[in-house]
Amino acid sequence: MTVDHAPLGDRRLSITPLEPFGIAVHAVDPGRALTDLPVEPLRALVREHRLLLLRDFAGFAEPAELSAYGERWGQLSVWPFGTVLELVQQPDPADHIFDHSHMPMHWDGMYRDHIPEFQIFQCVHAPGEGNGGETTFADTTAVLTDTDEATRALWSRATGTYHRKMEYYDGTCVSPVVTAHPVHGTPVIRYNEPTVEAGETFVNHPDLEFSGLADDSEVAELHAGLRAALYDPSHLYAHAWRTGDVVVTDNYTLLHGRNAFTSGAPRHLRRVQVLADPPLANPGLIR
Ligand SMILES: [Fe+2]
């Protein structure tokens, strides 16, 4: 289905919904520069639809071009490596982010001074058909809307304490599982899914602890319920990357992760993070 072009007022764009959420904007003339599109209407699309796929535009050859594009959206998070994270499998990774494993659901910035409002991903090279590696996004507002009152009450009592040490940070984050969107107050979920499943190899997992619940059985109920809801097809969008794709997401509302991919597949993503204006101080960070 093709939907209204009005948000961008440009007949050379084809705008289609993604399922179960998100919106795709395709360049009708392949190879068109993304910088042709004004950022304000795109920003509105991300806030409304949570995720925006920009497809068939000219790619960014160098990381600096992605960074410059990201700066049109706002101030970028700066890391020890700069603004652009190169997401590529490493031969002997010190952390799961650089492995080919499943990446559990989390939100970006949880161990940083500021939480980015948007993530912008660029697919430099797709992993290839049948190799997995989709980036997974769960719409937590939709999850909460669809969850029964008793379950929601249990989740609302829980607080997660997360500790993670890797090359770029060593921090502790404490957050209620159900909290308010920092701009409009709509309930959202902040949760880092437990990582290790039986038989799964997982490099450098974070330490997780959940308080506020009566006993282990309630903690187990929390994890099982969240997992089922976050991965329910009515709440989960798994993006199968195509080389050249640019995806912009609402990091305040969504949680994201990654499906495992075939070791050695040529999956290469780049990512920048865009801060709000003013930047949102991380409410959960404990040094
Ligand atoms: Fe992330």
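For residues that are touching a residue at least 40 places away in the same chain (Cβ under 8 Å) and over 28 Å from PHE202 (Cα atoms), scanning just region 148-178, find the one that is most open to solvent (accessible area, probe 1.4 Å).
ARG157
Would you be able to say whether some residue in region 243-263 is modelled with pLDDT under 95 and on the phi > 0 side of the Ramachandran plot?
no
In region 205-247, how many residues are within 20 Å of ASN131 (Cα to Cα), part of a loop (DSSP other than H, G, I, E, B) and either among the aromatic types (Phe, Trp, Tyr) or within 16 Å of the ligand (Cβ to nearest atom) (or both)?
Going through region 205-247 one residue at a time, the tally reaches 2.
Could you check, for region 98-111, whether at least one of its residues is surrounded by 22 or more Cβ atoms within 10 Å (Cβ to Cβ), in a helix (DSSP H, G or I) and within 16 Å of the ligand (Cβ to nearest atom)?
No: zero hits.
Can you name every residue in region 228-250 that is farther than 20 Å from HIS96 by Cα and open to solvent by less than 50 Å² (accessible area, probe 1.4 Å)?
ALA229, LEU230, HIS235, LEU236, TYR237, GLY244, ASP245, VAL246, VAL247, VAL248, THR249, ASP250
Among what's in region 248-287 and is over 20 Å from VAL78 (Cα atoms) and among the basic types (Lys, Arg), pick the residue that is farthest from the ligand (Cβ to nearest atom).
Among residues in region 248-287 that are over 20 Å from VAL78 (Cα atoms) and among the basic types (Lys, Arg), the one farthest from the ligand (Cβ to nearest atom) is ARG267.
Cβ-Cβ below 8 Å, separation at least six or inter-chain, first residue in region 57-72 and aliphatic (A, V, I, L, M), second part of a loop (DSSP other than H, G, I, E, B) and surrounded by fewer than 17 Cβ atoms within 10 Å (Cβ to Cβ): which pairs?
Within 8 Å, the pairs are ALA58/GLY31; ALA58/ALA33.
In contact (Cβ under 8 Å) with a residue 60 or more places away in the chain and within 16 Å of the ligand (Cβ to nearest atom), is that true of ASP95?
Answer is yes for this residue.
I'm trying to understand the selection: among the residues of region 112-126, which are within 12 Å of the ligand (Cβ to nearest atom), under 27 Å from ALA265 (Cα atoms) and crowded, with 24+ Cβ neighbours inside 10 Å?
GLN119
The values are calculated or read from the model by the stated rules, or taken from the named source; none is laboratory data. Not measured: the values here are computed from a predicted model. Neighbour counts run over all protein chains shown; Cβ positions are idealised from the backbone, glycine included. We work out accessible area using only protein heavy atoms, side chains counted, and drop any ligands, DNA or RNA first. Shrake-Rupley method; radii C 1.70, N 1.55, O 1.52, S 1.80 Å.
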